[in-house]
Amino acid sequence: MSRKLLAALLSLTVTLALSLALIDRPLPTEDLPARVGQAMQSSGVAHPVTAVLLNFRSYDTLLEVGVLLIAVVVALALREAQPDGPDRMGLDNPLLRAITAWLMPLMLMVSGYLLWAGSTRPGGAFQAGAVLAACGVLLRLCGTGLSWLEQPWRLRAGLALGPLVFLAAGTATMLAGASFLAYPEPLAGSLILFIELNLMVSIALALISLFRLAPPQSDSPHFADRRRSRRE
Amino acid sequence: MSVALPLPWLIVVPLGGAMASFLVPERWRVRLGLAVLPVMWLVTLAVLGDLAAHGVQVHALGGWSAPLGITLLADGLALGMVALTTLVFSLCAVHAASHAAEKGHNGEIGFLWPLLWFLVAALNSIWLSADIFNLYVGLELLGLTAVGLVALTGSAEALAAAMRYLLAALLGSLCYLLGVALLYAAGGSLALGDLGTIAGSGATARVALALMTLGLILKTALFPLHAWLPPAHGGALAPVSALLSALVVKASLYILIRLWLALDPDVATAAAANLLGALGAGAVLWGGWMAWRQTKLKYLVAYSTVAQIGYLFLFFPLVTGTSTIAGGLAWDGTLLMLISHALAKAGMFLAAGNLVLAMGSPLIADLSGISRFRPLSLFSFGLAGVSLMGLPPSGGFTAKWLLLQSALHSGQWWWVVVLIVGGLLSAAYVFKVLRHSFVEGPKRDHFNSPPMAMELAALALAAAGMGVGLAAQSPLTWMRIGSPFGVGG
Amino acid sequence: MSSALFYAWVGVVLCGLGLFGFILHRHLMRRLLAFNIMGSGSFMILVGLAQDGRGADPVPQALVLTGIVVAVASTALALVILRRWYRVSGESRLPEDV
């Protein structure tokens, strides 16, 4: 009861405070969208959101990819500390297999399109990587193991590829005497696409690995007792 | 102006080290992790040299200056924290490496090294960032790495502690993000330096500061939001506990101090500052009392962190609406407290880890007889304890002396009472450990012996905490470069 | 009220609901869902409020994309830890809530 009261009080306070902040808000004096518009020409891409993500604030994106990589590193570490049982993930369902076989080429194409479209309209590495990861998840549900990925070294190389290319590009510009991640203007467009391509691979692998590294429920030693107790 | 080394190297080196040690086969991870250390030292010293030669450094990432791009800002405070990180991290890394060498295999902690280097990258990204959204990403980077380090052993206790820590960290960063959203909507810029002039002093800025403060004190584990800290810090591997207590909890406090000083004084009011001070006083008393009541050695040290965080929050009432002299004294005292606590607490956690390893039991009651077998580790523990208690000539003493003078100067004598009672409570829990170790209990003649390097790492940190007190002037002079309190104090 | 401001208001409501669930519930899966609702709320505030009365602004949209990736990574990590915790303890709540 007291927990409910606490939850209600706190969430009500936050809601009211936020409402107050919304109502009594000054209009900003600084016009950042205008600055983005002025700098678009030298950004190398035509879509402002992509320009902000991969050029003006690319450092944020570098750290963000780091966050995703850390999540996978921790998941890998936990599997090492606590090995999983035999893999029983695959569902024996012919319909799922058939649909996956139909969808797979389409999804691969969509993912490639999203990556390409990122420079001129909504899209980009994360969206493309997410669709690619969905392919991996479907394959895994069908029981089609991605066995070439099970090789620890290959998996690690694929995971680190995108962040490493990104970091190397930034360091290279710094060694050339410019700022960190300051792409030379004529190359900016192709450099951004190249970085995004590598990021897409690593992001897709990271998402698939995270899905794979959470142990299945049936793996728990308590699973059998629970099912029994529920049936009784 | 030509600088010897651009600032981003402070992030590129640890990030590269993390990825390299993730890529190489397992048997090379420790060696590679250690090999990056000298590079890190070179980069740190070069950037410090630039600070001495050219003053405050600014680096516009991607060549886009704020508010369009993100800038890195290296003033004395930021680089002081960078140097502290390099120092504490090196000794903890030596401790971890010699532990792994002793065990002959490092299969159990295979991914320790990539995570350790990610931790350094995350910390440096926070110390240097001058952009409130980038600080959010840095906080998440740091939070997930720290949670991973806590969970690393995979035991039930570690997983529960990591889950609790993760929930607190996620809620904290979300509150911070809400504040960022409000500040951007009101000011149109994310640059930390712009906040004072553009965010105004209306309700939006106040709510934003309140939410960000709430999120950050949750991440700093300020009383009464500290419940996640003791299991997380008390249950992790010794070098991980040392890094978490010495540096990680300080990162969110650092952001809070930056925000508080950047925003308009009408937003960061004296009443709010006094509330933070009161919570800090509560932390000193409650943390000290709980530390004294613990039966496990590492939990005692973890609760001591809860108490020591409290002292750092006395900063807010002592600088808000007080004279420049009192503010300058509080600035110096808080920074010195931060440094000496980081060094002493890291030393204490490493020493406690050595003692636990030597006795093969986590309980304080099992310490009896250890004074004869492991005098060096016990001495390091005591030396770190002297700094935490605030006895002369330790860094803790000088820091408390400065805070005390600042409190008297601004006529807020009640904080002096907190400082004195806190010191007595620290003495109580440190002496509790020492008393048990000198008791000749049931005859025991077998203790494990940790390698010498592990004992020396603990001793070096504890001694550094002592040395800061003897040579307080030089770090303070450095850290005043570019500070709002100038050369006063 | 502009549509942008309406989105910000919806974000405020989602934040309140998410926080309520986050504190109230003990089951870790529910708390994680509540956290995600709260996260979506704060993203809506970030985009909606900044664009109210000023037209499209690419900066908060990019920030939200970064925020989403970070939220996905944190949620995935939390799920991995949750499943591991369930596997060793048979519990889906924290020890103090059982």
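Quick rundown of the values:
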| quantity | calculated |
| --- | --- |
| Segment A:141-158 residues near the modelled A:A98 label - backbone nitrogen below 17 Å, point 7 Å along Cα→Cβ | A:142 |
| Compactness of segment B:280-489 as Cα Rg over 2.2 N^0.38 Å, two decimals | 1.07 |
| Shielding of B:62-74 by partner chains, average beta-carbon count, 10 Å | 6 |
| Lys, Arg +1 and Asp, Glu -1 on Cβ, resulting dipole of the protein assembly as shown about Cα centre, debye, nearest 20 | 1980 |
| Order of exposure, largest accessible area first, which applies to A:Y59, A:Y113 with probe 1.4 Å | A:Y113, A:Y59 |
| Charge dipole of the protein assembly as shown about the Cα centre (unit charges at C-beta), most positive-ward option of A:L9, A:S111, A:V131 | A:L9 |
| Two-site FRET efficiency, C:L17 against C:E96, from Cβ-Cβ distance with R₀ of 30 Å, rounded to 0.05 | 0.80 |
| Inter-chain Cβ neighbour average for residues B:7-13, partner chain, 10 Å | 4 |
| Computed label-point distance, nm, for sites A:A168 and B:A53 using a 7 Å Cα→Cβ extension | 3.1 |
| Peptide A:172-184 - average C-beta neighbours from other chains (10 Å radius) | 4 |
| Top of A:L115, A:L199, A:L27 by mean-square fluctuation, Gaussian network on chain A, Cα under 10 Å | A:L27 |
| When the protein assembly as shown is reduced to its Cα atoms, the Kirkwood hydrodynamic radius in Å | 27.1 |
| Computed over chain A, Cα set: Rg, Dmax in Å | 23.0, 73 |
| Partners for A:K4 among aspartates and glutamates (Cα-Cα distance below 17 Å; same-chain residues under 8 apart left out) | C:E96, C:D97 |
| Ellipticity estimate at 222 nm from DSSP helix runs (n ≥ 4, -39,500 (n - 2.57)) divided over chain B, nearest 500 | -24000 deg cm²/dmol |
| Cα gyration tensor shape of segment B:58-162, rounded if a/c is under 1.5, else prolate or oblate by comparing a/b with b/c | prolate |
| Computed over segment B:274-349, the ratio Rg/Rh where both radii use C-alpha atoms and Rh is Kirkwood | 1.05 |
| Accessible area of A:R25 in the full protein assembly, 1.4 Å probe (Å², nearest 10) | 40 |
| Kyte-Doolittle mean at least -1.0, axial Cα span of 30 Å or more - DSSP H helices of chain A | A:2-23, A:58-81, A:94-117, A:152-175, A:188-213 |
| Dipole axis of the protein assembly as shown (+1 Lys, Arg; -1 Asp, Glu on Cβ), positive-most option in C:S2, B:G360, C:L77 | B:G360 |
| GNM result for chain A, Cα springs below 10 Å: residue of A:E64, A:E185, A:E80 fluctuating most strongly | A:E80 |
| Distance between modelled label sites at A:M107 and A:L91, nm, 7 Å Cα→Cβ extension | 1.2 |
| Mean projected area in nm² (Cα convex hull; one quarter of hull surface) for segment C:3-97 | 6.1 |
| Equivalent ellipsoid dimensions for chain B as semi-axes, Å, which come from the Cα gyration tensor, largest first | 34, 27, 21 |
| Equivalent-ellipsoid semi-axes of segment B:118-208, from the Cα gyration tensor, Å, largest first | 31, 15, 7 |
| Listed residues A:D84, C:D52 arranged by accessible area, highest first, probe 1.4 Å | A:D84, C:D52 |
| Computed magnitude of the charge dipole of segment B:252-356 (debye, nearest 20; Cβ of K, R +1, Cβ of D, E -1) | 540 |
| By average C-beta atoms within 10 angstrom, highest first, the peptides B:65-72, A:92-99, B:203-210, B:302-309 | B:302-309, B:203-210, B:65-72, A:92-99 |
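The values are calculated or read from the model by the stated rules, or taken from the named source; none is laboratory data. None of the values given here were measured: they were computed from a predicted structure. Note that each Cβ is placed from the backbone with ideal geometry, even for glycine, and that neighbours are counted across all protein chains shown. In case anyone asks, the SASA skips ligands and DNA or RNA and just uses the protein heavy atoms, side chains included. Shrake-Rupley method; radii C 1.70, N 1.55, O 1.52, S 1.80 Å.
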